[in-house]
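One structure below.
The values are calculated or read from the model by the stated rules, or taken from the named source; none is laboratory data. For clarity, every value in this text was computed on a predicted model and none was experimentally measured. No Cβ is skipped: glycine too gets one built from the backbone with ideal geometry, and neighbour counts run over all protein chains shown.
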Amino acid sequence: MILFIMVYIIYMVYKSMEAMHMLQQNLYNENNRYIRWIRKNLGRAFCLYDFIPILFFIFIFIINEKSVTDFILIASMFIYMYCIYNEYRKNKENQNKIPLKITGRIKRLFFTTIIIYGIPIVLVVKITNPLYLTIMLIMLVLILGFNYYMIFFASILDTPFNQIEFNYYYKKAKKKLNGMPYLPVIGITGSYGKTSSKNILNEILSSKYISKTTPKNYNTLSGLMMTVNNYLDKFDEIFIAEMGAYTKGDIKKLCEFVKPKYGILTIIGESHLETFGTIENVCKTKFELIESLPSDGLAILNMDDSYQVNYPLKNNVPIKWISINNTMADVYASNIKCSKNGMMFDCHYGDEKVTFRTRILGEYNIYNILASVALALHLGIDINDIKASVNSLKATEHRLELKKVGNMYMLDDAYNSNPVGASGAIDVLNLMPGTKVVVTPGMVELGTIEKEKNYEFGKKISEVADYCILVGEKRTKVIKKALLENGFEEENIFIINKVIDAYPLVDALKEEDKDIYALFENDLPDIYTEGGRK
């Protein structure tokens, strides 16, 4: 019995850590994400072998002989040992892109999980009655088989403690912000381009001010709290807060926390429709930033975005409009020239015109630059300083970042692909000389239009690329269909299970006398890895 329990505990720890990893990547079931993930990934969440010992344990009750009981426990132990080996092999083959972060919340969750499993384990060791022993052994099997749901149950039990911790850090951050009443806060939101816009703005504002931004993609309430508590200090003169959202009201909560005076809305589009439901909900949520701004603040809006132009704004904050080629905008770009080395364009504001050069790529980055220019001018930064900052801009990591990797030029657009960004990335790839390759698992979280948008993406790939490498056979069926229906050669389509397998494949496609450019469009997190348990 002791050996069986030891093996059981080892397997339980393996499974629980994996379930916690998926819970963490699904934002601790925010907006029911984790439960939906389980329903969509039954092959990963459940293993048939986990339930086989139930049949064995019934014999313990029927026969009630010690020798048979010992044999059945040994047989069950070997089944779990095989499962442990299978888990180990699977984890080694599918190395996580984002490992489980051992936070205080995860530590509490693990402790609660140990208690949940510990009670029946102790009872199994103590009980001698055949009927009760059979019941408890079957219970052990069931809670292990339904481990993903058990971890969710443990997280519910932890809710009061998590709320206490959240309230503590929220009040601490709020107190710190209240002690900096003259710190201007700039909020940046939109369906796409938030992080790039934030980094561009920070680079420009840094020419005159000590500005601080939310690091990486810390764009939730917890991320803003962490930034305020750990990064913001009394010497900062401007705070730039990236603001993300999955449902209506998310941006409003962020604004109530940091109280922005200025706001940039990048672009509104079909992103996270799985949680928002409709594009109208997306639009209302993004405008929660603009409608939170005071009358002495400033909003930067995109005149080329029909959703922004037609939105019935409910407050009187001043607005500056940006555009490409629309001379009615306050700040607009014209005469755009793009190449593999970067972009050049004329920036118009008032009666002035300045030519900008930048090494970053993509038309959406022109919008980001224009928005930053409009706000920087309002904040009193000299146009020559702005021009110098734009000239020195570097691409944001994993967002149309061109770099040499081995024998290929990699156009890294791996972060959080969307229909507008993916289309723009293909346009950039089209500028590149030599052999063109697209590596992609497609786009996700687009709700009912996901198949339609992935088909359009596949069609665009067929017009530009020489080869296409699809990551995940099931997920990319629509893209493959679009490629074939639009004249793409099937022999130039490759299907792999992991992005890492694309690197040697791209190298093998390189011709000796031609450069090869590979666009890596989207790199889905571990929750989208295909395949179940073996």
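A few notes on this one:
- In region 311-341, the qualifying residues are those that are assigned to a strand (DSSP E or B) and of a type in the set (Lys, Arg), and the one that is farthest from Arg357 (Cα to Cα) is Lys320.
- Output for region 19-61, where each listed residue is touching a Pro at 6+ places or on another chain (Cβ under 7 Å) and farther than 21 Å from Val124 by Cβ: Gln25
- Figure legend. Inter-residue proximity from region 422-438: first residues under 14 Å from Ser462 (Cβ atoms), second residues buried (at least 22 other Cβ atoms within 10 Å of the Cβ) and hydroxyl-bearing (Ser, Thr, Tyr), beta-carbon distance below 6 Å, spacing 6+ or different chains. Indicated pairs: Lys436/Tyr517.
- Some residue of region 179-189 being in the same structural domain as Thr213 (by TED's automatic domain parsing), touching a Lys or Arg at 6+ places or on another chain (Cβ under 6 Å) and within 30 Å of Leu446 (Cα to Cα): yes
- Lone qualifier among Thr159, Thr134 - being surrounded by fewer than 15 Cβ atoms within 10 Å (Cβ to Cβ) and either outside the structural domain of His378 (by TED's automatic domain parsing) or within 30 Å of Lys284 (Cα to Cα) (or both): Thr159
- Lys436 in a helix (DSSP H, G or I), assigned by TED's automatic domain parsing to the domain that holds Gly421 and in contact with a helix residue (DSSP H, G or I) (Cβ under 7 Å, 6 or more places away or on another chain): no
- For region 187-206, the criterion of being part of a helix (DSSP H, G or I), modelled with pLDDT under 95, out of contact with any helix residue (DSSP H, G or I) (no Cβ under 9 Å at 6 or more places or on another chain) and not charged (D, E, K, R) is met by at least one residue.
- Taken together, the criteria place Ile264 among residues that are of a type outside the set (Phe, Trp, Tyr), assigned by TED's automatic domain parsing to the domain that holds Ile319 and touching a Gly at 6+ places or on another chain (Cβ under 9 Å).
- Within region 351-397, being β-branched (Val, Ile, Thr), within 13 Å of Ser197 (Cα to Cα) and not in a helix (DSSP H, G or I) holds for Ile360, Thr396.
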